[in-house]
Amino acid sequence: MPWTWFASGLFLVICLRPVFGVWGEAVLGPFGGLDAVFQASLLEWSARHVWHPEIWRHLPIFHPAGNAIAFMDPLTAQAILVEPLHGLGMSSAALYNAAFLIALVLSCAATAALWQASGGDARSGGVAAMLLIGSPYTLAQLGHLNQLPPPGVPAVLAALICALTGWERGTATARYWWLMSAALIAQAAMGWYGFAYALLAAGIVLAGWVLRHHRTLARRPAARAAVLPLVVAAAGVWILATPHLETAAREVDFTRHPGEVMWYSADAQHLLNTGAYRAGPADLVGRGEDPAKRHLGVARQVLNPGWMALLLATVGFAARSGLTARRREWGYLLLTAGVAG
């Protein structure tokens, strides 16, 4: 096993270290842990009822806010993954930690697949996985099962790149379109945050590829292989979204104002905002403020991951002359998708 995969495994251990001794009693909970506790109960409910689809038309009731689910993912895919453990009588905390570990492993595998699809060496795929798992944003958000990690995002991009590469070379692409369809549906079942970005990133990569190759597209066979998988993906996502949308429609007053969104923003456009994603020297050496104070805005929280993304993008762009033309092309498209994040 390459050393890079050992490093990725080490990061997984670091991520879950706080709950190893209390696996069935405690969960990772950022920002005071309220979201994690709520999601743990959601996951347990979903795992209990996952094989009773008729119940999903009436999503779980949380007194006194009966429609609280309108603003939280039902964690359907995670519930399916841990349902066998639920059958063994594991607690909601143990189910939640197991689901998070599985999601982290899937994200590592999907990121390595994206690395290889864009021209990277199979033995060094652990580097990409390590950077994802060890990033400041991942470590800061540990416990938000509906947001992190989103394995469907790199999986969708990897399948799309393989499909476009095959289309360009005139080889069979149907299996890659079906993989992309499955990844989109799976990510929608895992969390809508990740699904939205998977859709955005895939759209940017596809649009950039079409612009790059528009002169030769007319001479290539039509991508008929993509039609049915994408129709199936749209239908699957719609089925998953319908109960959610129906519930949300009854809660029209819930909204986030632009200032609140910017406060918690962690993308490249808001590197200089004054929100939660900032770290001072004390935070970097482990002497930062209490997480609850950080959540309230009393203290800074963590380094904005946009800075790490910018650093990696700069290093990659500077090294582009040593890459093949194919890797440069995919690198530019993925960089554009990342900036738009």
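The values are calculated or read from the model by the stated rules, or taken from the named source; none is laboratory data. Everything numeric in this text was worked out from a predicted model, so none of it was measured. Cβ coordinates were reconstructed from backbone atoms using ideal geometry, including for glycine residues, and neighbour counts include every protein chain displayed.
Within region 219-244, the set of residues being modelled with pLDDT under 75 and within 21 Å of the chain's Cα centre (by Cα) comprises just one member, His244. Only a single criterion out of (1) within 30 Å of Leu206 (Cβ to Cβ); (2) at pLDDT 80 or above; (3) of a type outside the set (Ser, Thr, Tyr); (4) surrounded by fewer than 20 Cβ atoms within 10 Å (Cβ to Cβ) is not satisfied by Ala158, namely (4).
Out of Ala117, Ala68, I need the residue that is in contact with a helix residue (DSSP H, G or I) (Cβ under 9 Å, 6 or more places away or on another chain), modelled with pLDDT under 75 and of a type outside the set (Ser, Thr, Tyr). Which one? Even if it seems obvious, please write down each step before you answer.
Details: Ala117 fails: modelled with pLDDT under 75.
After applying the criteria, what remains is Ala68.
If the condition is being surrounded by fewer than 22 Cβ atoms within 10 Å (Cβ to Cβ) and not in a helix (DSSP H, G or I), then region 172-218 contributes Ala172, Ala218.
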